[in-house]
1. Using the eigenvalues of the Cα gyration tensor, what equivalent ellipsoid semi-axes result for segment 1-60 when each is taken as the square root of five times the eigenvalue, whole Å, largest first?
2. Going by average Cβ neighbours within 10 Å, how do the peptides 70-77, 742-749, 532-539, 189-196 rank, with the highest at the top?
3. Using a cut-off of 26 Å between alpha-carbon atoms, which lysines can reach residue 127, once sequence neighbours fewer than 8 places away in the same chain are excluded?
4. Using θ = phi - 60° and the Karplus relation 6.51 cos²θ - 1.76 cosθ + 1.60, list the HN-Hα couplings for segment 59-74 in order, rounded to whole Hz, with x at every Gly or Pro.
5. In whole Hz, with x marking every Gly and Pro, tabulate ³J(HN,Hα) for segment 75-85 from phi via Karplus 6.51 cos²θ - 1.76 cosθ + 1.60, θ = phi - 60°.
6. For a 19 Å ceiling on Cα separation, which of these pairs sit above it: 39/67; 39/178; 67/272; 673/803?
7. Once ligands and nucleic acids are excluded and a 1.4 Å probe is used, how much of residue 278 is accessible, expressed in Å² to the nearest 10?
8. Given R₀ = 22 Å, what would the calculated FRET efficiency be for residue 616 paired with residue 578, taking r from the Cβ atoms and rounding to 0.05?
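The values are calculated or read from the model by the stated rules, or taken from the named source; none is laboratory data. Owing to the predicted nature of the structure, the values given are computational and were not obtained by experimental measurement. In this analysis, Cβ positions are derived from the backbone assuming ideal geometry, glycine residues included, and neighbour counts consider all displayed protein chains. Note: accessible area is taken over every heavy atom of the protein model, side chains too, but ligands, DNA and RNA are not part of it. Shrake-Rupley method; radii C 1.70, N 1.55, O 1.52, S 1.80 Å.
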Amino acid sequence: MPLPTHARVVIIGGGISGCSVAYHLAKAGWTDIVLLERKQLTCGTTWHAAGLIGQLRGSLNMTRLAKYSADLYVRLEEETGIATGMRQTGSISVALTEARREELYRSAALARAFDVAVDEISPAQVKAMYPHLNVGDVVGAVHLPLDGQCDPGNIALALAKGARMRGAQVHEGVKVTKVLDDGARVTGVAYEAAGEAGVIACEHVVNCGGMWGRDLAAASGVTLPLHAAEHFYLVTEPIEGLGRLPVLRVPDECAYYKEDAGKMMLGAFEPKAKPWGMAGIPEDFCFDSLPEDFEHFEPILGMAMNRMPLFETAGIHTFFNGPESFTPDDRYYLGPAPELGNYWVAAGYNSVGIVSSGGAGMALAHWMTQGEAPFDLWDVDIRRAQPFQRNRRYLKERVTETLGLLYADHFPYRQVETARGVRRSPLHTHLEARGAVFGEVAGWERANWFANPGQEREYRYAWGPQNWFGNQKAEHLAVRTGVGLFDMTSFGKIRVEGRDACAFLQRVCANDVDLAAGRIVYTQMLNDRGGIESDLTVTRLSESAFLLVVPGATLQRDLAWLRRHVGDAFAVITDVTAGEAVLCLMGPQARDVLARVSPAALDNDTFPYATAQTIELGLGLARAHRVSYVGELGWELYVSTDQAAHVFETLVEAAPEMALCGLHALDSCRIEKGFRHWGHDITDEDHVLEAGLGFAVRTGKGDFIGRDAVLRKREAGQTRRMVQFLLSDPAAMAYHNEPIWRDGRIVGTVSSGNYGHALGASVAMGYVPCAPGEDLLAGAYEIDIAGRRVAARPSLAPLYDPKALRVRM
Ligand SMILES: Cc1cc2nc3c(=O)[nH]c(=O)nc-3n(C[C@H](O)[C@H](O)[C@H](O)COP(=O)(O)OP(=O)(O)OC[C@H]3O[C@@H](n4cnc5c(N)ncnc54)[C@H](O)[C@@H]3O)c2cc1C
C-alpha cells in the first residue's frame, strides 16, 4: 500500500506500544490511522521480551491497566487469528524476608480490591506447585492464578493485525526523521523510506519510539527522559521432567523464572544495571542483541543454583542481553507532551512494556479520542517529567538504579540514591549543617526529617515505624505546641500577569479570585467533569498580577494546563519557582517568633488569615502569606533567593527554641487536618464536591471550567465521598492503597496515610461510595494492613481541629 499524504494520526514505532495504540484508536472508531516502523514490527525491544504478564502493580490504576492487558491478551488470538502464546499459567512470588512478605501481602490486598484473583500461600503450597524449588528459607508467598506468559512479538503482531482489520495502515521500512509543527501544534511528519523522503500531514503524532523516542522527542523540544540499559536472561536446554510451571518471582534474589516448552528461563533485575546507547541508538539496530556479560549475570545465576538446583546441571541454550528503556522513576510515560499540541507519548516501559502496553494503549486512545484520560494516570503522566531530566548524564546515572528497583523492597518513603542533588534550595547547606536528611521529588532535594546530633543520617527502611519516626514525632509536636520552620522552596510558583489575568484565572479556577490585592484564595482548577486538575493557592499581588503556588511535583502539568487554556487572553504565564525561597513558620508561637525579627503588625486585624503582605524581616524583605498546610497559626515567607540565607539565619538566631521540620512532619500534620494531597487524595478523576472541597467552589461568580459538572453533581447527589479515618491500633501503619472495609466488604482503598502524632494513631483518607443522602459514618470500618483488618473511626470533618480555630489564633 502506498504511503498516504494525509492522516489523522501518525504513530511512530511498531513495537508493542505503537501496535497497541493503533489497535485501540482503531477500535475507538478513528480512521486515517497510520503506523510507521523504521525497520520491521517488533524489531526494537519487543521481540526479545520474556513475556511475563503479572498483574500486581504498585497502585490501583496501574493494577487496573495491567489486568486490562492480561484480559485483552487472552482474547486476542480468537479475535485476530494470530497465536499469541498467551497461557494463564499463574504466577508465584515468594518472600525470603518478613519485610518482603509484608510487601507481597499488602499488594495482594490491593489487587483483591480490584478483583484480581490472588491467594496468600504457605511455603508448603509453593513446594506443591513448584517442586523444583528450594523453599527452606521461604517465609511467605502469593499466587495469582490468572497471571500468565505470552509470546510478546506475536501479541504485538496480533494488535497490529487487529488495527489493520479496523482500517489502520501499518507501514514497515519507514523512518520518521522529524515531527513537523507550526510552533504550537503538530502538523505532520517527515519520513524516509527506501532512500526517498516524504511528508505525511497529520493532526496528531504518537511517539512510541521506545529507546529511540527520547532523541526524536528532543528534536521537537519535547522532554521524554529515558535511557536504554542492558537487560539479561538465559534459557536452558530442555530439562527432562520439568512439567508445566507457573511463572516464579524471587525478588529477594533479583530473579524471575519462566518455564517454556520444557526449558527454563532465568531473568535478572540486578541492583546495579548497565546503561547502554550513550552515543545514541544505532541506526541499523534490528532484532539485535548485545554482547554477553557473564560476570555481570553470575551472582544471579549463583543464587538460582541454590534456589533451583536443576540449574547446576542444565545446559545453557541462550544467554541473552537486550536493551530496554528505563526512566528516572521506573514508570513509563503516557499522554500529551506539554511542550507541543497534539504530540502524544507512550514509551519508556522499564521492562514491563508487554504487560503495560495493552492497558496503556487503551488509556491513551481514550485520552486522544475523548479529550481526557479515562481515570487518574498521574503515575505515568508525561507531564511529571522535568525539563532538566533530558540531561543524558543524569539519565545514564539514574538508570543504573531504576532497573534493580523493580525487584527491590518497595518500602514506603524509599529514596533514590543515584543522580541526586540537581535542584537545591538556597538553604540546602544550612539545613544539611543542622541535620537534614534529604529526599528527592521532581529533582528537588528536600529536607524530609532532621537527625538529632550524633544520630545516623540515613534511612533504615521498614514497613513499621522507621528510624526517623521519633524525629517526625518531635517535629510534628513542635508545630502543634510551639513553632517549627519548614523549607518549602520546592513549591512551584507561577506568575500570571497582564490585562486579562484576572478574567483568565476566573475561567480556570473554581473559586473567586477577583479579590482585593493582598488576598489569598485556596482553589482548584477543574476539568469539564468537575475533576481536579490542580490544587493551588492564588495570591493577588496587584490589579493585574497573580502568584499561583502549586506542589513542586505538578508544576509542569499546571503550567501546561494554564497554557492550554489561555487562548487569546492577554495574560503572561511565567514559571518563577527559582526566584523565591519559601520558609514556612508554623505553630502557635509563630506570631511571637515573627515579631522578634519583623516590626510588622501581625495581629488578626492588621494581618488576617488568607492575606499576604510584604514585611521587613531582619535586614531584608519577605512577602508573608498567612496560610497553613499544617493547620496552625503561621506564615509562609516568600523570600527572594538572594536573601533566603539571611532570613533563615535571622529566624534561627532569634528563635533558638524553633524546631527545624521536614516534609514527613508536614505530611503527618496535614493528614490530621484532612488536607487533601493532589496526586493521592485528589486527582483529575475525583469530583471536587465528592472530594469534600465544595467550600472552595463559587458557582455564583459566573462561568468557569467545570461549573456545569458541579451544578450537575449538586442536582444528582454524590455517589462517593472522601472520608478520613483514625486507626484504632496505634501500632498499625497506613501509607497508601490499603483496602477500606465497611461492614465486611471492601468499599475502597486508602488514598493517603501517615501517622497522626497529635492524635496518637495512623490517619488514613479514602473515598467511600454512598447513595445520595446516606449516613457515611454508619457502619463498621476497617483498614486492611497486609491482610490484618484494623478497626477505624470514620470522620467527615477534620479529625484535628474540626472548626479550624487554630489557623485563626
Ligand atoms: C530482556 C528483556 C526481557 C523483558 N521481559 C519482559 C516481560 O517479561 N514482560 C514485560 O511486560 N516486558 C518485558 N520486557 C520489556 C518489553 O520488552 C518492553 O518494555 C517493550 O517491548 C517496549 O515496547 P515499545 O513498543 O515501547 O518499544 P520497542 O519494541 O523498542 O518499539 C519501538 C519501535 O519504534 C521504532 N522506531 C524508533 N524510532 C523510529 C522512527 N523514527 N521512525 C519509525 N520507527 C521508529 C523502532 O524500530 C522500534 O521497533 C523485557 C525487555 C527485555 C529487554
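1. Its equivalent ellipsoid spans semi-axes of 26, 17, 8 Å.
2. Packing order, densest peptide first, comes out as 532-539, 70-77, 742-749, 189-196.
3. Once the sequence-local lysines are set aside, what remains near residue 127 is 258, 263.
4. The phi angles translate into 9, 4, 6, 5, 5, 4, 5, 5, 5, 4, 4, 4, 5, 5, 5, 5 Hz.
5. Karplus-based 3J(HN,Hα) across segment 75-85 equals 8, 5, 5, 4, 6, 10, x, 9, 5, 9, x Hz.
6. On the way: 39/67 31 Å; 39/178 16 Å; 67/272 29 Å; 673/803 10 Å.
Too far apart for the 19 Å limit: 39/67; 67/272.
7. 90
8. 0.40
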